[in-house]
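Some notes on the structure that comes next.
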Amino acid sequence: MIILTGNDLKTGDVIWWAGETNWSRHLSDAVDAGEEADAVLQREDAARRVNAGYSVEAEQTERGPMPLHIKDRVRASGPTVRQDLAIDTNIPIEKA
Amino acid sequence: MYQYDKYDQSLVDSRVAEFRDQCERRIAGEMTEDQFKPLRLQNGLYLQLHAYMLRVAIPYGTLSGDQMRMLATIARKYDRDYGHFTTRQNIQYNWIKLEDAADILQDLSTVEMHAIQTSGNCIRNISSDQYAGASAEEAADPRPWAELLRQWSSFHPEFAHLPRKFKICVIASDTDRAAMRLHDIGIQLVENDAGELGARFYVGGGMGRTPMIAPLIREFVSADDLISYCEACLRVYNRYGRRDNKYKARIKILVHEIGAEEYKRQVEEEFAHIKTLNLDPPRAELERISEFFAPPAFDAEAPTEVDLSDPDFRIWHDQNVAEHKNPAYAIATISLKPVGGIPGDATADQMDLMADLAKQYSFDECRVTHSQNIVLPHVRKADLYALWQKLDEAGLAPANLDLIGDMIACPGLDYCSLANARSIPLAQKISQRFADQQRQKELGELKLKISGCINACGHHHAGHIGILGVDRKGVENYQLLFGGSGAEDVSLAKITGPGFTEDGVVDAIEKATDLYLAQREEGERFVDTYRRIGMEPFKEALYG
């Protein structure tokens with residue numbers, strides 16, 4: 001599956017596309033953009049609902065969508081060395 | 001310390017106003033990210049893994065108490081109560097909001113600070129020796145020279161779009177605490193046979209994916225020619241640097257490809273031309289700047305002895321306190337490397353405390369080191385015990401300067417969008433494995449440096465033990481390197497062999513240090529033993 005991520009323009013927060021014009025800070029809300037990924041990113045960027053957006057390869061797991069690459073799992077989790085600042089400490093960093 | 005004149009302040013103030021307008025236009029949708037990105041980078045604002053990151057310049061690593069206090073205020077007011085001191089003697093904030101960025105720069109400007117030229121292909125913040133003005137061995141205080149270069153390089157129109165970023169370091173002693181020869185230009189202030197002060201130029205060093213030690217380009221450049229000679233070095237690079245290939249665009253590649261002798265010939269030719277243009281400021285300008293760095297009013301009656309009867313204090317004193325040029329004073333290093341901590345991180349409260357301590361004990365001055373520690377350069381020996389007690393209460397008294405616990409680590413994949421692997425968790429595990437003070441002391445000076453990618457912000461090439469994080473099919477893997485040094489015995493570390501997992505590399509380091517303890521001869525550091533016996537015994541210990 002393809003999910004979309006980027007940053008909130010004003011705050012810089014990592015956000016995930018949750019369908020339509022919705023973005024969430026939580027990876028668990030991400031939805032499959034499929035073949036519409038590029039079109040959605042273009043539309044959402046133009047509307048400034050996302051900044052520096054890009055598509056991410058992911059797989060559906062029991063916990064919901066999970067990026068295949070470690071970098072995006074760290075983005076979804078927050079810094080692994082500051083659990084107090086993390087968004088979701090249950091995201092498995094080591095493997096998808 | 002240097003104080004802005006009306007020109008400095010005006011430049012910074014106008015830049016803040018300009019950037020405020022740019023931020024507002026970006027938020028209003030009047031600029032795309034592609035248009036905005038080069039503008040925000042010119043003001044030190046990156047978009048990192050989790051948020052915007054702001055890198056604030058700390059010229060030659062020198063801070064007043066008020067400036068340190070402002071760094072704390074920014075951490076508290078705009079970030080998440082902490083900052084990260086970097087291997088370029090700067091500070092980074094990891095959780096900045098775009099809508100706050102101009103306000104932050106405004107606040108910084110009130111204490112004569114900014115984030116200009118902390119990113120982009122320009123001359124970056126100039127680094128220096130954290131013991132400047134305090135060490136007995138220096139030929140002169142290198143900071144006035146660094147300040148002159150800062151003024152020359154700030155907004156220099158010819159060098160705003162170089163082939164790649166450009167880093168200059170100025171030191172003034174044979175002991176190199178600033179990795180001088182691993183800079184694009186490394187300058188060492190020296191006296192010539194006539195007793196005149198000048199600059200020895202090394203050009204073409206650096207780390208990154210192609211590490212190089214800068215060769216000597218000129219033995220002596222007169223103070224009157226400093227700017228012209230730098231201008232000539234930069235012009236040759238600007239003209240011939242590889243703009244076609246980002247990975248070959250640093251000056252080290254140019255110097256390597258055409259050879260140091262040919263590069264030098266071209267610089268000398270350009271220098272001869274530039275000297276006809278009368279670009280150099282009059283000597284009086286360097287002297288005017290030097291007055292800002294005049295030695296503080298040392299207490300002539302201060303005692304020269306230290307009471308070391310408290311054994312815990314003695315451990316810290318023996319490790320973290322260095323000789324000062326005044327026998328009644330000392331240079332104290334505050335280690336930001338507690339066991340299991342994040343190298344270089346300091347909370348807002350800790351920054352406030354360090355500002356207070358600088359004011360109370362060190363003539364209101366502190367320094368940031370490239371090893372991600374803080375130095376109080378002028379502490380009365382009679383005050384060291386009281387200073388240590390206050391540091392200890394705040395968790396700022398790890399007695400590990402230059403020991404294995406005092407490691408450098410870049411932010412790595414926990415924060416950096418360029419990283420391939422995490423650096424900080426590895427640093428924490430090594431720190432915990434070698435937590436025992438006696439064990440660290442037994443190992444002696446051991447500089448361990450960790451980078452999360454080939455860009456080498458963690459200086460792994462210069463580590464007695466270096467670690468490079470790589471991405472191996474989506475899994476973090478760590479290459480181990482031995483034998484590097486960023487000091488006066490500069491050398492580049494060599495890879496030991498196949499990489500390790502995170503836990504594996506901690507075990508490997510322990511095997512290597514065990515071998516060192518078994519093999520070392522009298523007075524040898526880890527790196528000395530490695531240089532004497534070579535890589536093979538270490539490979540055998542790691543992989544055999």
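Throughout, read-outs are computed from the coordinates displayed, never taken from laboratory work. Keep in mind that this is a model prediction, so the values were computed, not measured. No Cβ is skipped: glycine too gets one built from the backbone with ideal geometry, and neighbour counts run over all protein chains shown.
Relative contact order of chain B: 13 percent, from C-alpha pairs under 8 Å at least 6 residues apart in sequence. Among the trypsin sites (Lys or Arg not before Pro) in segment B:394-492, those located in a DSSP loop and surrounded by at most 13 other Cβ atoms within 10 Å of their own Cβ are B:Lys473. The GluC sites (Glu not before Pro) of segment A:36-96 that meet both conditions, a loop assignment by DSSP and at most 16 other Cβ atoms within 10 Å of the site Cβ, are A:Glu62, A:Glu94.
Taking a straight Cα-Cα cut-off under 16 Å and skipping sequence neighbours fewer than 8 places away in the same chain, the aspartates and glutamates within cross-link reach of B:Lys252 are B:Asp184, B:Asp244, B:Glu261, B:Glu262.
For the protein assembly as shown, B:Cys23, B:Cys122, B:Cys169, B:Cys230, B:Cys233, B:Cys366, B:Cys416, B:Cys453 stand unpaired, since no other cysteine beta carbon lies under 4.7 Å from theirs. The H on the amide N of A:Trp16, modeled in the peptide plane, is under 5 Å from the matching H of A:Ser24, A:Arg25, A:His26, each at least 5 residues off or on a different chain.
Loop sites only, by DSSP: take the GluC sites (Glu not before Pro) in chain B that have at most 10 other C-beta atoms within 10 Å and name the longest stretch containing none of them. Numbers along the way, then the final one.
Details: sites that count: B:Glu301, B:Glu305, B:Glu521, B:Glu522.
The segment B:1-300 is the longest one with no such site.
Under a model in which nothing but the beta-carbon of Lys, Arg (+1) and Asp, Glu (-1) is charged, segment B:408-543 shows a dipole of about 280 debye around its Cα centre. Remark: spin-label model distance B:Ala284-A:Ala46 equals 6.2 nm, labels positioned 7 Å along the Cα→Cβ axis.
Between the DSSP loop rule and a limit of at most 15 other Cβ atoms within 10 Å, which trypsin sites (Lys or Arg not before Pro) in segment B:213-262 are left?
Details: sites: B:Arg218, B:Arg235, B:Arg239, B:Arg242, B:Arg243, B:Lys246, B:Lys248, B:Arg250, B:Lys252; in loops: B:Arg242, B:Arg243, B:Arg250.
The qualifying sites are B:Arg243.
Using a simple spin-label model with pseudo-atoms 7 Å out from Cα toward Cβ, B:Glu261 and B:His161 lie 3.6 nm apart. Rounded to 0.05, the FRET efficiency of the B:Lys494 and B:Asp244 pair, given R0 = 41 Å and the Cβ-Cβ distance, is 0.85. Cβ crowding within 10 Å, taken as a proxy for footprinting-reagent exposure, orders B:Trp145, B:Trp95 from fewest neighbours to most as B:Trp95, B:Trp145.
Where both bridge residues fall in segment B:408-543, DSSP classifies roughly 65% of the beta bridges as antiparallel.
Computed 3J(HN,Hα) for segment B:430-443, one whole-Hz value per residue from the Karplus formula 6.51 cos²θ - 1.76 cosθ + 1.60 where θ = phi - 60°, is 5, 4, 6, 4, 10, 5, 4, 4, 4, 5, 4, 5, 4, 6, glycine and proline marked x.
Between B:Arg532 and B:Ser222, the distance separating the two model label sites (each 7 Å from Cα on the Cα→Cβ line) works out to 4.7 nm.
Placing a label point 7 Å from the Cα of B:Val475 along the Cα-to-Cβ direction, the residues of segment A:40-72 whose backbone N falls under 17 Å from that point are A:68-71. Listed by chain and number, the lysines whose C-alpha is less than 21 Å from the C-alpha of B:Lys447, apart from same-chain residues fewer than 8 away, are B:Lys337, B:Lys429, B:Lys494, B:Lys511, B:Lys539. Phi angles across segment B:380-396 convert, under the Karplus curve 6.51 cos²θ - 1.76 cosθ + 1.60 with θ = phi - 60°, into 3J(HN,Hα) values of 4, 4, 5, 9, 4, 5, 5, 4, 4, 4, 5, 5, 4, 4, 9, x, 10 Hz, Gly and Pro given as x.
Take every DSSP beta bridge whose two residues both sit in segment B:134-291; close to 75 percent of them are antiparallel.
Remark: B:Tyr530, B:Tyr247, B:Tyr82 ranked as B:Tyr247, B:Tyr82, B:Tyr530, counting other beta-carbon atoms within 10 Å and listing the fewest first. Overall, segment B:477-544 carries a charge dipole of about 220 debye about its Cα centre when +1 sits on the Cβ of Lys and Arg and -1 on the Cβ of Asp and Glu, all other atoms neutral. Legend: calculated FRET efficiency, B:Asp8 to B:Arg439, from the Cβ-Cβ distance at R0 = 51 Å, rounded to 0.05, equals 0.60. Considering only B:Met31, B:Leu47, B:Phe19, the residue lying farthest towards the positive end of the dipole of segment B:1-50 is B:Leu47, judged by Cα position with unit charges set on Cβ. Under 17 Å from a point placed 7 Å out from the Cα of B:Glu510 along the Cα-to-Cβ direction: which residues of segment B:398-442 have their backbone N that close? Once the point is set 7 Å along Cα→Cβ of B:Glu510, B:404-405, B:426-442 turn out to lie under 17 Å by backbone N, inside segment B:398-442. Dipole size of chain B about its Cα centre, with +1 on Lys/Arg Cβ and -1 on Asp/Glu Cβ: approximately 2120 debye, rounded to the nearest 20.
Placing a label point 7 Å from the Cα of B:Glu24 along the Cα-to-Cβ direction, the residues of segment B:78-108 whose backbone N falls under 14 Å of that point are B:99-103. In this structure, the amide hydrogen of B:Ile126, modeled 1.01 Å from its nitrogen in the peptide plane, lies closer than 5 angstrom to those of B:Tyr60, counting only residues at least 5 positions away or on a different chain. When the Cα gyration tensor is reduced to axis lengths a ≥ b ≥ c, the ratio a/c is 1.5 or higher for segment B:408-543, and with a/b above b/c it is classed as prolate.
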